[in-house]
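Down below is the structure, laid out as structure tokens.
The values are calculated or read from the model by the stated rules, or taken from the named source; none is laboratory data. Values in this document were obtained by computation on a predicted structure and should not be read as measured data. Every residue, glycine among them, receives a Cβ derived from its backbone with ideal geometry; neighbour counts consider all protein chains shown.
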2 protein chains.
Amino acid sequence: MIADPAARQDIPDATVARLPQYLRALSDLAERGVASVSSEELAAEAGVRSANLRRDLSHLGSYGVRGVGYEVEMLAHEITRELGLAQDWPVAIVGLGNLGHALAAYLGLATRGFQVVALLDRDPDVVGQEIAGMIVGSVGDLERIVTERRVAIGVIATPAVSAQEVCDRFVAVGVRSVLNFAACVLSVPEGVDVRKVDLSTELQILAFHEQHKTPAAQERMPLLEVAP
Amino acid sequence: MIADPAARQDIPDATVARLPQYLRALSDLAERGVASVSSEELAAEAGVRSANLRRDLSHLGSYGVRGVGYEVEMLAHEITRELGLAQDWPVAIVGLGNLGHALAAYLGLATRGFQVVALLDRDPDVVGQEIAGMIVGSVGDLERIVTERRVAIGVIATPAVSAQEVCDRFVAVGVRSVLNFAACVLSVPEGVDVRKVDLSTELQILAFHEQHKTPAAQERMPLLEVAP
DNA sequence: TACTGTGAAGCTATTCACAGCG
DNA sequence: CGCTGTGAATAGCTTCACAGTA
């Protein structure tokens, strides 16, 4: 393994999806002053099995020490690098309803690795407002703003009916990573990644499991002891 | 449990996770007045392969007609029933910051199958406010309110530091389905389902793929033709 | 010794390809 | 015929169990 070892494109998707959890667990440990963890401890912290964690980390390289564990700071650094969070990715959010507003506020402070560089909305009453320290621009200027500010990731928080159009315009000016909060499937050309976050899908999955739980377990009233 | 044909607990998780998408696709088709679809068409609408769709639907039963396809209304009805959306599940949202506010507004109108019956916050300035047509209660009354209003699904939109406590209190009064928006892993006993929605995880996954795309494809400037 | 990294096994999910049926 | 439903093949992921090592 040399420097950046031969552009490892062989990391499984399932592993990539867990790396952020490991990174968060490592950050927590680092804040608590922990310097070293075993796979068992880190796995517990991240909510996975230790064998799974070790397999995942083995895809990144050999960063553990047998008989000891992993050095927290070093492993966090390696995962940060692998995820591409050593730099700040410029993000644009389109659609500043309740959800877009919340996303702007959240991204404005909570997340390392990303920087919100544009907020865009269609409503003339919203354009010009300041949200999370940034002035909302007009979605009509999307192409210019995305290009000028080198936006790499587009976040779509518009109603479903507008989402495909916004997506197409992002893609047309070179954005190849899209996070979609609208309740619809987006069509994109080869090479563009779309991830969908959908509240109602998540609730519906919970409802399915809730419905299929044993009725007996559903009688919960006797468990309660109301505080005086 | 009889009535529901042979308590089919054998529906794979991956299939359950796609049923909401099929349901949405079917709703769209129904609104457009389409009465019947082939697996090919419905799969395209939902963004999956047709073989995958047919396999998924086969877990629910045999609701198609060979040589013809699926009747839109009937299939939508079957999926609705299977997901447990024929009834309305009572939902409580805890934490009414920007995100909780957005969730309350979204659930207040957009979703069938769920009804927000409680909004709770810890901040005395927020308690008593009206959000999405509902008065915010105090998180101190969580046990009483959850019990009285028969809450089945708890939505946690608090800061990470409070999430585990809120979750424990939900579980203690019998809630067994939790949707967690806080950036932490929740520990729950056997029989309780937690689903996590995490914006920064999603962005980090996009960043990983963005970073691993070919540098050549990253030169997007020449593609732009600025509107005059 | 106490742990990691990994071959091998087992399991789950997807896709192919076609028999079977309206 | 044209489509669904499904056996069989394939691909991908997780877990076991232990050899290897600081």
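Does residue B:18 fit the bill of being away from DNA strand D (no atom under 13 Å from the Cβ), surrounded by 13 or more Cβ atoms within 10 Å (Cβ to Cβ), assigned to a helix (DSSP H, G or I) and among the charged types (D, E, K, R)? The answer is yes for residue B:18. The residues of segment A:202-228 that are polar (S, T, N, Q) and at pLDDT 90 or above, listed by number, are A:204, A:211. The residue list A:30, A:25 contains one member that is touching a residue at least 12 places away in the same chain (Cβ under 8 Å), away from every other protein chain (no Cβ under 14 Å) and not acidic (Asp, Glu), which is A:30.
The set of residues in segment A:54-93 being within 16 Å of DNA strand D (Cβ to nearest atom) and not in a helix (DSSP H, G or I) consists of A:61, A:62, A:63, A:64, A:65, A:66, A:67, A:68, A:69, A:70, A:71. State all residues of segment B:122-155 that are away from every other protein chain (no Cβ under 14 Å) and either under 22 Å from the mean Cα position of the chain (by Cα) or closer than 25 Å to residue B:84 by Cβ (or both); if no residue qualifies, say none. Once the filter is applied, which keeps residues that are away from every other protein chain (no Cβ under 14 Å) and either under 22 Å from the mean Cα position of the chain (by Cα) or closer than 25 Å to residue B:84 by Cβ (or both), segment B:122-155 yields only B:134.
Annotation: residue B:51 fulfils all but one of (1) within 14 Å of DNA strand C (Cβ to nearest atom); (2) more than 11 Å from chain A (Cβ to nearest Cβ); (3) part of a loop (DSSP other than H, G, I, E, B); the unmet one is (3). Residues in segment B:84-113 that are surrounded by fewer than 22 Cβ atoms within 10 Å (Cβ to Cβ), without any contact (Cβ under 8 Å) to a residue 60 or more places away in the chain, at the interface with chain A (Cβ under 8 Å from one of its Cβ atoms) and closer than 24 Å to residue A:104 by Cα: B:98, B:105, B:106, B:107, B:110, B:111. Here residue A:199 meets each of (1) more than 10 Å from chain B (Cβ to nearest Cβ); (2) at pLDDT below 95; (3) surrounded by 18 or more Cβ atoms within 10 Å (Cβ to Cβ) with one exception, condition (1). Checking residue B:114 against (1) over 17 Å from residue A:205 (Cα atoms); (2) at pLDDT 95 or above: exactly one of these is not met. Which one? Exception for residue B:114: condition (1).
Conditions (1) away from DNA strand C (no atom under 16 Å from the Cβ); (2) aliphatic (A, V, I, L, M), marked per residue:
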position: B:58; (1), (2): no, no
position: B:66; (1), (2): no, no
position: B:85; (1), (2): yes, yes
position: B:89; (1), (2): yes, no
position: B:96; (1), (2): yes, yes
position: B:101; (1), (2): yes, no
position: B:108; (1), (2): yes, no
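Would a scan of segment A:47-59 turn up a residue that is under 21 Å from residue B:159 (Cβ atoms), outside the structural domain of residue A:120 (by TED's automatic domain parsing) and crowded, with 18+ Cβ neighbours inside 10 Å? Looking through segment A:47-59, none of the residues is under 21 Å from residue B:159 (Cβ atoms), outside the structural domain of residue A:120 (by TED's automatic domain parsing) and crowded, with 18+ Cβ neighbours inside 10 Å. Within segment A:37-52, residues that are closer than 12 Å to residue A:26 by Cα have Cβ atoms under 6 Å from residues that are buried (at least 17 other Cβ atoms within 10 Å of the Cβ) and among the aromatic types (Phe, Trp, Tyr) in these pairs: A:37/A:70; A:46/A:22, counting only partners at least 6 apart in sequence or on another chain. Could you list all residues from segment B:159-190 that are in a helix (DSSP H, G or I), in contact (Cβ under 8 Å) with a residue 24 or more places away in the chain and farther than 22 Å from residue B:97 by Cα? B:172 - this is the single residue of segment B:159-190 that is in a helix (DSSP H, G or I), in contact (Cβ under 8 Å) with a residue 24 or more places away in the chain and farther than 22 Å from residue B:97 by Cα.
Going by what's in this entry, would residue B:71 be described as in contact with a strand residue (DSSP E or B) (Cβ under 9 Å, 6 or more places away or on another chain) and modelled with pLDDT of 95 or more?
Details: in contact with a strand residue (DSSP E or B) (Cβ under 9 Å, 6 or more places away or on another chain): yes; modelled with pLDDT of 95 or more: yes.
In short, yes.
Condition first: surrounded by fewer than 16 Cβ atoms within 10 Å (Cβ to Cβ) and either away from DNA strand C (no atom under 16 Å from the Cβ) or within 11 Å of another protein chain (Cβ to nearest Cβ) (or both). Can you find one or more residues in segment B:35-44 that meet it? No; the residues of segment B:35-44 include none that is surrounded by fewer than 16 Cβ atoms within 10 Å (Cβ to Cβ) and either away from DNA strand C (no atom under 16 Å from the Cβ) or within 11 Å of another protein chain (Cβ to nearest Cβ) (or both).
Residue B:132 meets each of the listed conditions (1) more than 27 Å from residue A:196 (Cα to Cα); (2) more than 16 Å from DNA strand D (Cβ to nearest atom) apart from (1).
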